[in-house]
Amino acid sequence: MKITTWKTIFCMLSKLFFYIAFFMVFTCGNKIMAQTDNGDEASKMFNMAKERDQKAIDEAVNGWWTESMENQDQRIAWWREARFGMFVHWGIYSLPAGEWKGSKVNGYAEHLMRKEKIPRAEYLDLAQTFNPIEFNADAWIAKAKKAGMHYFIITAKHHDGFAMYPSKISDFNIHDKTLFTRDPMAELAAACKKYGVKFGFYYSHAFDWEHPDAPGNDWEYQNPGGDLNLFGGTNWYDVHPELLPKAVKYVNEKAIPQIKELIRLYHPDILWFDTPHKLPLSENIRILKEIRATDPNVVINGRLARSSNLRFGDYANTADRPAEFFPVDGDWEAIPTTNESYGYHKFDNSHKPAAFFITLLANAVSRGGNLLMNIGPMGNGALDPRDLSILDSIGQWMGKNRESIYGTTPSSLPMQSWGVTTMKNNRFYLHVFKWPKDNKLIVGGLKSNVANARFLASDNWKKLKITRTSPMDVCIHLDNKMQDPVNTVIELEFADKPETDTVRVATPDLNIRLLAFDAGLHGKDLRFGDGKAKRYYVDNWFNKEQWLEWQFRTLAPASYNVVLKFAGSDDSGGQFIVTADNVSIKGTLPVQQQKGEVNTLSLGVLHLKKGVHHLQIKPELLTKPELMKILEICLIPLK
C-alpha cells in the first residue's frame, strides 16, 4: 500500500477510537451522575463546589474586589447621570432574521444557532453571506443621541461565539469569515466619541456555541450547559467537577483574552455580561478580577458575577422585557426591547408604541433605575423602520422633557394615582400619565409650599395656580387637556429641600393600582416574578402565614369596586379574604384558570372613610399547592 493509504487508515482508526472513548466517557458520566445524585458522594461534590466558590469570594472580598469598589462612585457617576441608553443586538443571525431553511423560527432571533442546532461549519456558511453594506455607525449613534440616549452598548460577541470585530484571538469573526472587511466596532466607538455618547460592549463570556470547550453546545460537542441538561443540568460543574477544566480552558484561551482585547482596542466605558449561571461563580469572579486589573474604571453590569447575597458588578440588572419593576436596592438597570426579540426578527411585529417606553423610562427613573432600550438592526446594517419610528417619537418627548430624566433620582413623594415623580436638587418633576377629569391634580403628601410650578415642555414660563387643600396635599389647577397625551411633565420648584409624607394617596376619580411589587410582604419565602407583562406577580404563596398589605390614604369617603388580577396557573387555587377598615370581602379563585395569562376576578364593593387605610389579602384555604400568583388589586371608584 501507498503511505498515503496507511495514513488514511490510521486517521480513520484514530477517529473511531476517539468516538468510542467519547461515548464511554459520556455514558459513564451519566451513570456517575445517576449514582452521585444521592448519598455521601453527591454531598462531598457539592461541598467541594461550595468551598471552591467560597475561596474565590473570600479572596475578592478580603482583597482586590473591595479595593476596586473604593472608586465605584466615581466610576459609575456618568451612568447614574445618563439614565437612558441604547442596547443593540446585531450579528450574523440578523441576516436570516428568524428564518431557517424556509421556516419561521420563534423566539429570540439571536438564538438561531441553538434553536436550530446548527453545526459550526454550517453557521460559517451563513457568515460568508453576511455583508452589511448599509451599516452606518454615524447614523446609528446620531439616532440614539436624538432619542435622548446617553450610552450605547452593542454585542461584540453573542452566544454564537462570533466576534463582530477583527479579533486576533479567534478567527471566528466578522473580518476573517464574512465579506465585510470594515471594523464596525471601531466605527461605532468613533461615532460615540463624536456625539458625546458613552460606549460599551455586550460580551457573552459563559455561553459560546462555536467553541468546543465552552458551555452550551450540546448538539455538536455534547457540552454541558445546554438545553439537553447533560451532566447534571444547570449545576453541571458541581455534579461533575472533572468537566470544569475544559470550560476553564475556554475561559483562558478565548473569553478572557477577547475581553482584554476589546478593552485594549476600543477603551469601552462599560462592559455588559449575561448568563453567568453557565459557569461556576469562581470562574465569573476570576474573569472580573482580570477585567479590574486591566481597566479599573470600566463600568461592569450585574450579570457577570453574583451570589445569593453579594453583587460583584457595579449595578444590578432586572429581567428581560419588563413591564413593571420589583423593588431593587441600589443602582439597577432594565432592558426592554422594541418587540419580543432582541436580534432582528422579520416575523416579529409585536412592536410596542413609543408611549410604552416613555412611561417605562419615567417609571424606571422614579424608582432609581436606568432604561437600556434594545433595538435589533437588520442584516444589511440598516435600522428597522419600525424601530426608527419609535426612536423618533421618544426623541420628540425627550427633547422637551429631558430635565425630568437626566441626573434625577426618585423623589421623596409617595406614590400617586396619576403617575410617577422624579427629583433633582430642589425640584420635583411630576410625570402625569392620567389626567384628572376635573383638571385638578392632587399632589398628595407634599408638606412644603411650592415656589413655582410650570409645564416643563411649555415654550413660555406660565405659572400654574396651586392651592393647598390640607397640610399634606396641594392641588394644581390645570388646563382642560394634557400638554402631552402620553406623559405631561410638571416642574415644581421649592425654596428649600421639600418636606413630604410617605403614605401613598388615592386621587379622586382615578383607579388605585395596588401592585404586588409594591406590597408589604409578610411571612417567609414569598418572591417576586420577573416583571414581564404577565409576570409582575408575587408567588411562592404556600401557607396561611404569608400575606400582602398596602397602605394608602383617601382624601374623602369613597366607594370602590375591588378587582383582583392574577397570573393563571394549574397549581393555584383556594379561598382568600381582603380586609380594609375592619370590612372584609371573601373570594374564591376559579378552578379553571387561563394558564400564564392575566386572570381577572371581581370581588365586590369596598366603602372607605377618609383617612389612612391598610388593605390586606390573606389566605383562608389552599386547595392547590399555591394560593395564587397575585399581580395586583385594583380599586375602581364608583361614579
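The values are calculated or read from the model by the stated rules, or taken from the named source; none is laboratory data. The structure displayed is predicted, hence computed values, not measured ones. Neighbour counts are summed over all protein chains in view; Cβ atoms, including those assigned to glycine, are modelled from backbone coordinates with ideal geometry. The area values use the complete protein model at the heavy-atom level, side chains included, leaving out ligands, DNA and RNA. Shrake-Rupley method; radii C 1.70, N 1.55, O 1.52, S 1.80 Å.
Each of Ile118, Val105, Gln54 was placed along the dipole of region 43-147 (beta-carbon charges, centred on the mean Cα), and the one lying farthest toward the positive end is Val105.
Here is the link list: Lys524/Lys544; Lys434/Lys462; Lys462/Lys497; Lys400/Lys465. Which ones come out longer than 19 Å on Cα distance? Among Lys524/Lys544; Lys434/Lys462; Lys462/Lys497; Lys400/Lys465, the Cα-Cα distance tops 19 Å for Lys434/Lys462; Lys462/Lys497; Lys400/Lys465. For region 131-277, relative contact order (Cα pairs under 8 Å, six or more residues apart, normalised by length) works out to 24 percent. When peptides 265-276, 463-474, 332-343 are ranked by their average number of other Cβ atoms within 10 Å per residue, the highest-first order is 332-343, 265-276, 463-474. Looking at region 492-570, the GluC sites (Glu not before Pro) that sit in a DSSP loop and have at most 16 other Cβ atoms within 10 Å of their own Cβ are Glu499, Glu545.
Each peptide in 446-457, 524-535 was scored by the mean count of other Cβ atoms within 10 Å over its residues; highest first, the order is 446-457, 524-535. Which is farthest toward the positive dipole end of the chain among Met164, Ser204, Gly611, measuring Cα position about the Cα centre, with Cβ charges +1 (Lys, Arg) and -1 (Asp, Glu)? With unit charges placed on the Cβ atoms, the residue in question is Gly611.
Ligands, DNA and RNA are left out, and with a 1.4 angstrom probe the accessible area of the chain is 43 Å² per residue.
In summary, the aspartates and glutamates within cross-link reach of Lys117, defined as a Cα separation below 20 angstrom excluding same-chain residues under 8 places away, comprise Glu99, Asp125, Asp160, Asp208, Glu210, Asp213, Asp218, Glu220, Asp227.
Put simply, the convex hull of the Cα atoms in region 328-461 casts, on average, a shadow of 10.3 nm². Leaving ligands, DNA and RNA out of it, report the carbon-plus-sulfur percent of the accessible area of the chain at a 1.4 Å probe. Of all accessible area on the chain, carbon and sulfur atoms account for 53 percent. The residues Arg367, Arg83, sorted by heavy-atom accessible surface at 1.4 Å with ligands and nucleic acids left out, run Arg367, Arg83 from largest to smallest.
Using Cα atoms only, what is the angle between the long axis of helix 256-266 and the major principal axis of the chain, expressed in degrees (0 to 90) to the nearest 10? Here the helix axis deviates by roughly 60 degrees. Sorted on the mean count of surrounding Cβ atoms within 10 Å across their residues, most packed first, peptides 93-103, 579-589, 211-221 read 211-221, 93-103, 579-589.
Counting Lys and Arg as +1 and Asp and Glu as -1, each charge on the Cβ, what is the dipole of region 223-331 about the Cα centre in debye, to the nearest 20?
Using only the charged Cβ atoms, the result is roughly 340 debye.
Calculated mean residue ellipticity at 222 nm for the chain: -8500 deg cm²/dmol, from DSSP H runs with n ≥ 4 weighted as -39500 (n - 2.57), summed, divided by the residue count and rounded to 500.
Multiplying the residue separation of Ala293 and Asp479 by 0.36 nm and removing their Cα-Cα distance gives an extension gain of 61.2 nm. Can you find, among Leu441, Ala186, Pro353, the residue farthest towards the positive end of the dipole of the chain? Put +1 on the C-beta of Lys and Arg, -1 on that of Asp and Glu. Farthest towards the positive pole: Leu441. Going through the cross-link list Lys254/Lys352; Lys101/Lys157; Lys586/Lys609; Lys447/Lys629; Lys194/Lys532, which pairs have a Cα-Cα distance over 26 Å in this structure? Those over the limit are Lys254/Lys352; Lys447/Lys629; Lys194/Lys532. Averaging the sequence gap over all C-alpha pairs within less than 8 Å and six or more residues apart, then dividing by the number of residues, gives the chain a relative contact order of 12 percent.
Which shape class applies to region 45-101: rounded if a/c is under 1.5, otherwise prolate when a/b exceeds b/c and oblate if not, where a ≥ b ≥ c are the square roots of the Cα gyration tensor eigenvalues?
Here region 45-101 falls in the oblate category.
For the chain, find the longest principal axis of its Cα atoms and tell me its angle to the long axis of helix 72-82, 0 to 90°, nearest 10. Value to nearest ten degrees: 60. For the chain, the longest principal axis of the Cα atoms and the long axis of helix 385-401 meet at an angle of about 40 degrees.
Counting only Cβ charges, +1 for Lys and Arg and -1 for Asp and Glu, the dipole size of the chain around its Cα centre is about 1300 debye. What shape does region 429-476 take by its C-alpha gyration tensor, where a ≥ b ≥ c are the square roots of the eigenvalues and a/c under 1.5 counts as rounded, a/b above b/c as prolate, and the rest as oblate? Oblate shape, in that a/c is at least 1.5 and b/c is the bigger or equal ratio. Using the Cα gyration tensor of the chain, with a ≥ b ≥ c the square roots of its eigenvalues, what is the shape: rounded (a/c below 1.5), prolate (a/b larger than b/c) or oblate (neither)? Judged from the Cα gyration tensor, the chain comes out prolate (a/c at least 1.5, a/b above b/c).
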